[in-house]
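To start, the structure itself, in structure tokens.
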């Protein structure tokens, strides 16, 4: 018989049980709730509040739970999150709000971020790393390092051109030479921290930030995150990231992988000196134009000289921030048969720049030609571990575009997204342990088809399983 449901009634009713009973056991919020501990947070932020004045603020743990719920569900805008929380039982329960309680306004989350600052949210992320280390999800010996661009939350109409001298004088982090006088660059008036950058030469420049990420190889746990302006060179961040990773995990990084953007002499020298294997493919050698390439010159590190193709000596003439400039002699270059190809038209002699760590770079190039199957396998894991994490963050956790403006705001967004992803991995590992325990007690293999149907009910097993896990 065809059924009918009356929808016009507007009774107000309360459940006899708890909201928790209405949430599926395998829902991501319920799984994460079992391993999420924020009891330490109140003591960390209480110094930022007045103890005996003003109206009571939002409970710190509830505020962070609301933000994490948004990132776990891919809802990263505060206004959209609070609108969804009005009708989403899972978000209400996860944040600790009853059905009859009024949720905070979306602007309250903004004020909390402003009050706490970037460092408090970084600590939340670091706590998830330590949880994963304690649970055995992080080995720490093999780390994949990569960077990705995050589109800034600005419109194209906000971009204006300014003289480089004005931009560099306003940017305290930029200590380099951006070019000749009169050159201009585009900046955003609504978000000056964002800078023009692109991930490929055939893509247009866009106002962006850059996220630098280190991922542990064992389970794909994010062990370090940093956000900079889009034009920041990722190769300069490798040493800092390796040191932070070791501080977080308490373990030495034996092998580090990265792509060609990190393949500079300084990084090879740094990793070589600390005894860390570098699985970083060197970039193709430059200088293949019409002139005589620098690869035809031989560097003698022992004697501190450079030999040209005619076996003439170039000696150190000056030192720069990147290395040493070697210069030929006028009498050698003046009558050389290779002068037309070798010496620039505007110069009298040939000069060669030898960067610091050049020998380490040469050793890395020779080693690249001898990569064995294990080295190739490790680098392939870099492709899907590090780049896979960035893809997951962009597709599922709202990191394709910044949702707020300012460097510190984007950093907070990155910390919360990374924390949410780590918590997911930690919850999944607990589920796998439960599955193995259940399989061992019931004498069947975890690969059996029966276990696939059983996974949704694992969370409702007796507490002895949970305690054992």
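The values are calculated or read from the model by the stated rules, or taken from the named source; none is laboratory data. What you see is a predicted model; the values in this text were computed from it and never measured. Glycine also receives a Cβ, built like all others from the backbone with ideal geometry; neighbour counts cover every protein chain displayed.
How many of the residues in the stretch 183-226 are modelled with pLDDT of 90 or more and closer than 30 Å to residue 254 by Cβ?
Result for the stretch 183-226: 17.
Name the single residue, out of those in the stretch 218-240 being in a strand (DSSP E or B) and under 19 Å from residue 205 (Cβ atoms), that is farthest from the chain's Cα centre (by Cα).
Narrowing the stretch 218-240 to residues in a strand (DSSP E or B): 222-229.
Restricting the remaining residues to those that are under 19 Å from residue 205 (Cβ atoms) gives 227-229.
Working: 227: 7, 228: 10, 229: 13 Å.
Per the criteria, the residue is 229.
Kindly evaluate residue 79 against the criterion of being part of a helix (DSSP H, G or I), surrounded by fewer than 18 Cβ atoms within 10 Å (Cβ to Cβ) and assigned by TED's automatic domain parsing to the domain that holds residue 31. Reasoning before the result, please.
Values: part of a helix (DSSP H, G or I): yes; surrounded by fewer than 18 Cβ atoms within 10 Å (Cβ to Cβ): yes; assigned by TED's automatic domain parsing to the domain that holds residue 31: yes.
Taking the combined requirement at face value, the residue satisfies it.
From the set of residues in the stretch 198-217 that are part of a loop (DSSP other than H, G, I, E, B) and in contact (Cβ under 8 Å) with a residue 24 or more places away in the chain, which is farthest from residue 404 (Cα to Cα)? It would help to see each step written out before you state the result.
First pass over the stretch 198-217, keeping only residues part of a loop (DSSP other than H, G, I, E, B): 198-205, 217.
Going one step further and asking which of them are in contact (Cβ under 8 Å) with a residue 24 or more places away in the chain, we end up with 198-199, 217.
Values: 198: 20, 199: 21, 217: 31 Å.
That would be 217.
Any chance you could count how many residues in the stretch 363-375 are in a helix (DSSP H, G or I) and either exposed (fewer than 11 other Cβ atoms within 10 Å of the Cβ) or in contact (Cβ under 8 Å) with a residue 24 or more places away in the chain (or both)? Steps first, answer last, please.
Step one: list which residues in the stretch 363-375 are in a helix (DSSP H, G or I), which gives 363-368, 373-375.
Subset that is either exposed (fewer than 11 other Cβ atoms within 10 Å of the Cβ) or in contact (Cβ under 8 Å) with a residue 24 or more places away in the chain (or both): 363-366, 368, 373-375.
Of the residues in that region, 8 qualify.
Inspect all residues belonging to the stretch 10-17 and state whether any of them is modelled with pLDDT under 85 and either in contact with a helix residue (DSSP H, G or I) (Cβ under 7 Å, 6 or more places away or on another chain) or within 30 Å of residue 430 (Cα to Cα) (or both). If you could, list the steps in order and put the result at the bottom.
So the first thing to find is which residues in the stretch 10-17 are modelled with pLDDT under 85, and the list is 10-17.
Narrowing further to those that are either in contact with a helix residue (DSSP H, G or I) (Cβ under 7 Å, 6 or more places away or on another chain) or within 30 Å of residue 430 (Cα to Cα) (or both): 17.
The answer is yes, given that some residue of the stretch 10-17 is modelled with pLDDT under 85 and either in contact with a helix residue (DSSP H, G or I) (Cβ under 7 Å, 6 or more places away or on another chain) or within 30 Å of residue 430 (Cα to Cα) (or both).
Within the stretch 282-293, does at least one residue satisfy the condition of being under 30 Å from residue 226 (Cβ atoms) and at pLDDT 90 or above?
The answer is yes, given that some residue of the stretch 282-293 is under 30 Å from residue 226 (Cβ atoms) and at pLDDT 90 or above.
Against the condition out of contact with any helix residue (DSSP H, G or I) (no Cβ under 6 Å at 6 or more places or on another chain) and at negative phi, how does residue 302 come out, does it pass?
yes
Just one of the numbered conditions (1) modelled with pLDDT of 90 or more; (2) exposed (fewer than 14 other Cβ atoms within 10 Å of the Cβ); (3) outside the structural domain of residue 254 (by TED's automatic domain parsing); (4) under 30 Å from residue 254 (Cβ atoms) is not true of residue 301; which one?
The one condition residue 301 does not meet is (1).
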